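Single-structure report; data block below.
The values are calculated or read from the model by the stated rules, or taken from the named source; none is laboratory data. For clarity, every value in this text was computed on a predicted model and none was experimentally measured. So basically every Cβ, Gly included, is an ideal-geometry build from the backbone, and we count neighbours across all protein chains shown. Please note that ligands, DNA and RNA were not included when accessible areas were found on the heavy atoms of the full protein model with its side chains. Shrake-Rupley method; radii C 1.70, N 1.55, O 1.52, S 1.80 Å.
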Amino acid sequence: YMWDNVRVIGGAYGGFCQFQPRDGIFAFLSYRDPNLAGTIDVYDGASKALLQSAADLENDPDALATAIIGAIGDMDGALSPDQKGAVQFKRWLINESPEQRQKYRDEVLNTKPSDFKEFAERLSGLKDASSAVVSSKAAFEDANTAGKSFTLKEVM
């Protein structure tokens, strides 16, 4: 959903979302994005798309297995020596144990379509969500024209 709508259709160089389980922060991100207003609309539609995905996964166990394998592949990707050092340093800083990593891995391996549905419902029920955008003044003006409201703070 994100890749298709933010990157392919919207023209951003990249678009993704990330969740930090340790602190509970979930974020949508895009970069080099020429379509700020459209991207915000995509973010706003994510919970609906995720609900549809949950229904699709309920009917297609192979697709769920593929998604799980992909997530585990992202966790186990090959790292260069400097990346290994950075990862280990981060784990040391946050006092992350092998047991905690295994628990997280087990949760990913045991993901069910209902987990996608539950997350979609949480996402749609967010209160006081915030947005932060670093962009050109022209992009903000275009977004305002399209009905998006931001408080512009010039930093340079």
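Output the residues belonging to the range 98-143 that are assigned to a helix (DSSP H, G or I), open to solvent by 80 Å² or more (accessible area, probe 1.4 Å) and closer than 16 Å to I40 by Cβ. The answer is E141, D142.
Checked against the criterion of being open to solvent by 50 Å² or more (accessible area, probe 1.4 Å) and within 30 Å of F150 (Cβ to Cβ), the range 52-67 contains one or more residues that satisfy it.
Of the residues making up the range 1-16, those that are assigned to a helix (DSSP H, G or I) and either open to solvent by 40 Å² or more (accessible area, probe 1.4 Å) or not aliphatic (A, V, I, L, M) (or both) are W3, D4, N5, R7, V8, I9. Against the numbered list (1) open to solvent by 40 Å² or more (accessible area, probe 1.4 Å); (2) part of a helix (DSSP H, G or I); (3) in contact (Cβ under 8 Å) with a residue 60 or more places away in the chain, A37 comes up short only at (1). The test for being among the acidic types (D, E), more than 28 Å from L50 (Cα to Cα), in a loop (DSSP other than H, G, I, E, B) and open to solvent by 100 Å² or more (accessible area, probe 1.4 Å) holds for E154. The sole residue among V108, V133 that is at pLDDT 90 or above, out of contact with any Gly (no Cβ under 9 Å at 6 or more places or on another chain) and either among the hydroxyl-bearing types (S, T, Y) or under 23 Å from Y1 (Cβ atoms) (or both) is V108.
When F89 is tested against (1) more than 19 Å from D44 (Cβ to Cβ); (2) outside any helix (DSSP H, G or I), just one condition goes unmet, and that condition is (2). Within the option set F19, F28, being outside any helix (DSSP H, G or I), open to solvent by 50 Å² or more (accessible area, probe 1.4 Å), within 21 Å of G125 (Cα to Cα) and in contact with a helix residue (DSSP H, G or I) (Cβ under 6 Å, 6 or more places away or on another chain) holds for one residue only, F28. Of the listed requirements (1) of a type outside the set (V, I, T); (2) closer than 22 Å to F16 by Cα; (3) out of contact with any Ser or Thr (no Cβ under 7 Å at 6 or more places or on another chain), F116 misses just one: (3).
The single condition among (1) of a type outside the set (A, V, I, L, M); (2) open to solvent by less than 70 Å² (accessible area, probe 1.4 Å); (3) in contact with a strand residue (DSSP E or B) (Cβ under 6 Å, 6 or more places away or on another chain) that G77 does not meet is (3).
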